[in-house]
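Have a look at the structure below before the remarks.
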Amino acid sequence: MQMMHRGLKLFAATAIALSVSACSMLQDSGVSYEQDKTYKLTVLHTNDHHGRFWQDRKGRWGMAARMTLVNQIREEVAAEGGNVLLLSGGDINTGVPESDLQDAEPDFLGMNMLGYDAMAVGNHEFDNPRAILEQQEEWANFPFLSANIIDEKTGEPVFNPYTTFEFDGLRVAVMGLTTTDTPKQTSPESVEGLEFKSPVDVASKLVPELEEKADIIIASTHMGHYTDGNFGVNAPGDVTLARKVDGIDLIVGGHSQDPLFEPDQQNGTYIVQAHEWGKYVGRADFEFKNGELKLVDYKLIPVNPKNAEVKIAQDEKMLALLKPFQDKGSKLVEVNVGSIDERLMGERKEVRYFPTNAGILLGKAFMEKTGADFATMNGGGIRASIDAGDISYKDVLTVLPFGNTVTTVEMNGQEVMDYLAVVATKPVKSGAFAHFAGAEMVIDGDKVSDVKIGGEAIDLGKTYKMAILSFSAGGGDNYPNLKTKPGFVDTGFVDADVLREYVENHSPLKVAEFEPKGVIRK
C-alpha cells in the first residue's frame, strides 16, 4: 500500500520550545491520553446511501459487499493496535423502490450490522412523515446527529448535537450538521415546526465546548462540498464551514455526492466525501501523539465497480438479513407496465441543466390525468433515467420515489406570467430548474416573454389550469406557494401511479414524441 504522507498539526504550536509547557497545559485541562503514545484512528465513511441496500442488477455495490470490506479493514486496523469509527454523511432514504416501500428498514438494520457509529441527518431523511423518521431512529443502534435542527417550540435540538468516543484515553467528538436548504428540498409538512439554523453559527459555539471534552473533533455533515467555497444557489457547504470555524479536525461530508479522491484541506481541516450509493468506502488513517493529529493515508475504496478485476465477496450474514426485504420489495415492483424505444434522460447532470424528454413525458402525464393546460416539473424531482426496452413499476418508482401528489391550480394569464417570472428563471445546477409541457416561452436572464399555452399566445385575461407536484406547489425549491390560492386542488393522485397509468395507456412509447421544444433560453 502506497502511503500519502500529509502531516497535519491541528494543535499548532508557535514554537517547538513551547511544546513541553503546552503539553503541561493540556494535562491541566483534563487531557486523558497517554503522553508520548502514538494512537491510531481510522475513520471509515459513506454518504448519500439512498436506499441501495442491495447490489444493483450488474452486481455492483450493496451492503453485503461493503460488510466484507469493512470487516477486513477492522481486522487490519485492530492487528496494528488501532481503532475504527464508521460514519455516514446522511441521506439514507429515497432512491430505490424496494427500500422506499419498506421505509428504509433494511437499510437501517444493515447499518446496524455494519456497525455504524453515527450518521448526519440528511435532507432526504425528511422525505417521509416525521413518524417514519422517528421509527427509523428506533431501528438504528447509532445516533442521528444534527446540532442545527431546532424545535421551534422548545428551542432545543431535535437530534443529538454530538456524540463522543474514547479509545484508551483518546477522546473523539463527532458533531452533526444539516444543510439549511432542507426546508426547500422536501415537503413543507415534514419540516413544520423546525428551524434550520446556520451550521457556521451553531458550530462556532459548539466547537469550543467540544474542545474541553475531546482531543479530536469530527463534523459529520450533510451540507455539500463546493470547490473553493463556490456554493452558488445552494446553502453554504463544508468548505465555508471549515474556513469560518476553527478547531474542526475532519469533516465527513455528503449531499453534493462528490467523489473526493484527495481530501480538501481548508483552514487546517480535512474535508472528505465518498460519492454516493455505497460505491466507495472512504478510509482516513490518522495518528495522534501528544496533542498532534497527522493524516497518514487516505483513499476511496471502490465496492465492486463495473470493471473490477477482483470482486469483493458478499457477507453471508448480511445477505441473510437483507434477502427477505429484497424478495418482498421485488414482488411489489417487478411488474412490467410498458416499453419505450429510446432512453428517457433523467440523470442529475441532465435534468438540472437542460430540459429533457423525461421532464416532458412527466408533464404530459400530469396534464392528461388532470386536464391541465400545461405542466411544470422541477428537475430535482426526476431521480433516474429509463433505458430503452421494457419499463417496470420499479423503473417508474425510481424516477419518482418521493410519493408526491399531482396538484392543479387555476390562474389567469397575468398570474401565469408572474409565476413563470419566478420559476422559469430558476438557475441551472439546482433541483429547482424547471421543465415545462404545454407551454412555450423565451427566457432571457430574469425575464420571460413570448409565452404560449397550448400553442397560442397567452391571454392575460383568460384562466389557465397548471399541473404541478405537491412538493413544488407547497413552496419546495423556493417556488411560489400555491396552496392558498382559491383555484388550488390537490388531486390526491400519487405521481408514480399517474406515470404508470400513462405508460400503460401509451406503450410502446416513442421518445421522439417527448422532445423538448418551444422553451428558448438566451
### Message
Need a quick list: strands (runs of 3 or more DSSP E) entirely within region 412-522 having at least 1 residues that are acidic (Asp, Glu) and either out of contact with any strand residue (DSSP E or B) (no Cβ under 6 Å at 6 or more places or on another chain) or modelled with pLDDT of 95 or more (or both).
### Response
439-444, 447-453
### Of all residues in region 94-115 being part of a helix (DSSP H, G or I) and polar (S, T, N, Q), the one that is nearest to Phe402 (Cα to Cα)
Ser99
### Summary
Restricting region 323-359 to residues that are surrounded by fewer than 24 Cβ atoms within 10 Å (Cβ to Cβ) and among the hydrophobic types (A, V, I, L, M, F, W, C), the one farthest from Asp100 (Cα to Cα) turns out to be Phe354
### Task
State which residue pairs qualify: first residue in contact (Cβ under 8 Å) with a residue 12 or more places away in the chain and within 18 Å of Asp258 (Cα to Cα) and inside region 340-357, second residue hydrophobic (A, V, I, L, M, F, W, C) and surrounded by 15 or more Cβ atoms within 10 Å (Cβ to Cβ) in any location, beta carbons under 6 Å apart, and separation of 6 or more residues or different chains.
Val351/Ile382; Arg352/Phe433
### Message
Looking only at region 214-268, how many residues end up being assigned to a helix (DSSP H, G or I) and either of a type outside the set (A, V, I, L, M) or within 30 Å of Gly169 (Cα to Cα) (or both)?
### Response
9
### Message
Would you confirm whether or not region 385-399 contains a residue that is outside any helix (DSSP H, G or I) and surrounded by 24 or more Cβ atoms within 10 Å (Cβ to Cβ)?
### Response
yes
### Query
Looking at region 116-142, which of its residues are outside any helix (DSSP H, G or I), under 18 Å from the mean Cα position of the chain (by Cα) and surrounded by fewer than 23 Cβ atoms within 10 Å (Cβ to Cβ)?
Asn128, Pro129
### Query
If we scan region 280-287, do we find a residue that is among the hydroxyl-bearing types (Ser, Thr, Tyr) and either more than 16 Å from Arg60 (Cα to Cα) or at pLDDT below 95 (or both)?
no
### Task
Could you check, for region 297-305, whether at least one of its residues is in contact with a strand residue (DSSP E or B) (Cβ under 7 Å, 6 or more places away or on another chain), within 30 Å of Leu41 (Cβ to Cβ) and charged (D, E, K, R)?
yes
### Query
Does Leu87 satisfy the condition of being closer than 24 Å to Arg283 by Cβ and among the hydrophobic types (A, V, I, L, M, F, W, C)?
yes
### Query
Say we look at region 330-382 and pick out the residues that are among the small types (Gly, Ala, Ser) and farther than 23 Å from Thr186 by Cβ; which of these is farthest from the chain's Cα centre (by Cα)?
Gly371
### Every residue from region 260-299 that is buried (at least 18 other Cβ atoms within 10 Å of the Cβ) and among the charged types (D, E, K, R)
Asp264, Glu276, Lys279, Arg283, Asp285
## Note on the structure
From the option list Asp56, Asp91, single residue qualifying as crowded, with 24+ Cβ neighbours inside 10 Å and not β-branched (Val, Ile, Thr) is Asp91
### Message
Cβ contacts < 9 Å: first residue under 25 Å from Asp387 (Cβ atoms) and assigned by TED's automatic domain parsing to the domain that holds Thr425, restricted to region 510-522; second residue in a loop (DSSP other than H, G, I, E, B) and among the polar types (S, T, N, Q), any location; separation 6+ or different chain. Result?
### Response
Phe514/Thr356; Pro516/Thr356
### Message
If I ask for residues that are surrounded by 14 or more Cβ atoms within 10 Å (Cβ to Cβ) and touching a Gly at 6+ places or on another chain (Cβ under 6 Å), which ones from region 439-461 would you list?
### Response
Glu440, Ile458
### Query
Does Gly329 count as under 24 Å from Phe108 (Cβ atoms) and touching a residue at least 40 places away in the same chain (Cβ under 8 Å)?
yes
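The values are calculated or read from the model by the stated rules, or taken from the named source; none is laboratory data. Predicted, not measured: the structure shown is a model, and the values here were computed from it. FYI the Cβ positions are ideal-geometry reconstructions off the backbone, even for glycines, and counts take in every protein chain you see.
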